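Below is one structure, written out as structure tokens, with a few remarks after it.
Please treat every number below as a calculation from the coordinates, not as lab data. All figures in this text were calculated on a predicted structure; none of them were measured in a lab. Quick reminder, even Gly has a Cβ in these numbers, built from the backbone with ideal geometry, and neighbours come from all protein chains shown.
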Amino acid sequence: MGQLTGKVAIVTGGAASIGAAISRKLHGEGAHVVIAARSEAKGRAIEAELGKGALFMQTDITDDSALEALVARAVSEFGRLDVVVNNACSYGDEGPATPRAVWLDTLNVNAVSAAILGELARPHLAAVGGNIVNIGSISGRFAHVGRWAYPVSKATLAHLTRAQALEYAAERIRVNMVTLGHIWSDPFDGLTTGDRAHADKVSADLNLLGRVADAEEVASVVAFVASDAASYMTGSETAVDGGYSVLGPERRIPLMPLLAGQG
């Protein structure tokens, strides 16, 4: 029996990359999974792959009526709603030159839609003592050269997580964030043209484990945070970053020997 047996989960952006791994893991742990995504081809493919207990619903998460339909369908199909995973993401960002339209779209997808979906799901989550898992990023904690809109949107999502946790606690709804570092995903695949070894090499000095993570490593943590095993966790941020957030500007370089002229 899985740690999510009998639960019902919505996963936004749940048909590809990290989202697909989360959908597979939650389903494998016994949950009924509603896969919300824009791509019908990818959504139908993972729905067919997972089989019974998986439902794809084509969803534009920036459309409130679509979110209302998503929640209603999950409840009508499976009788309840226990978990919402806000994973869908926009990477729109042109650094300091980011135009207003891109700013607004990135914030809308990455933060505002998570807030709206959480509020729509709220009564159903309250009925069963459910929870929300927001997928954050180290980019929301650290400034990056040439990237403004995406990091700001993830910082916004981090504060939203705390606000939701505070607001929803009286209704027994837990809200947590899983904060990601460098994960082998569609963006990394595209930027490296599929060269995982190169991605590992680039990331090696930026985290303690010296590599990018597999999406499945993220999914395992999400499943735990969404489960009753994490029943005393709310308002938390759990880092899946290989130790990225531990490293400071000095990284692994011992400063004192350099100061003493030994390096």
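Results, tabulated for the structure shown:
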quantity	calculated
Any helices (runs of 4 or more DSSP H) falling wholly within segment 195-262 and containing at least 1 residues that are closer than 24 Å to Ser185 by Cβ	196-203, 215-226
Segment 140-171 - residue that is out of contact with any strand residue (DSSP E or B) (no Cβ under 9 Å at 6 or more places or on another chain) and among the charged types (D, E, K, R) and, of those, farthest from Gly118 (Cα to Cα)	Arg147
Pairs where the first residue, in segment 170-198, is within 16 Å of Ala219 (Cβ to Cβ) and the second is surrounded by fewer than 23 Cβ atoms within 10 Å (Cβ to Cβ) and among the basic types (Lys, Arg), C-beta under 8 Å, 6+ apart	Thr179/Arg141; Trp184/Arg196
Residue that is nearest to Gly242 (Cα to Cα) [pool: residues in segment 126-144 that are surrounded by 24 or more Cβ atoms within 10 Å (Cβ to Cβ) and of a type in the set (A, V, I, L, M)]	Ile135
Pairs where the first residue, in segment 1-24, is touching a residue at least 12 places away in the same chain (Cβ under 8 Å) and farther than 16 Å from Val218 by Cα and the second is of a type in the set (Lys, Arg) and not in a helix (DSSP H, G or I), C-beta under 6 Å, 6+ apart	Val8/Arg80
Residue check for Ser65: within 15 Å of the chain's Cα centre (by Cα) and over 27 Å from Ser227 (Cβ atoms)	no
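For every residue, the table says whether it meets (1) in contact with a Phe, Trp or Tyr (Cβ under 6 Å, 6 or more places away or on another chain); (2) closer than 26 Å to His159 by Cβ; (3) among the charged types (D, E, K, R); (4) in contact (Cβ under 8 Å) with a residue 12 or more places away in the chain.
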site: Ser65; (1), (2), (3), (4): no, no, no, no
site: Ser76; (1), (2), (3), (4): no, no, no, no
site: Ala88; (1), (2), (3), (4): no, yes, no, yes
site: Ala97; (1), (2), (3), (4): no, yes, no, no
site: Ala101; (1), (2), (3), (4): no, yes, no, no
site: Leu107; (1), (2), (3), (4): no, yes, no, yes
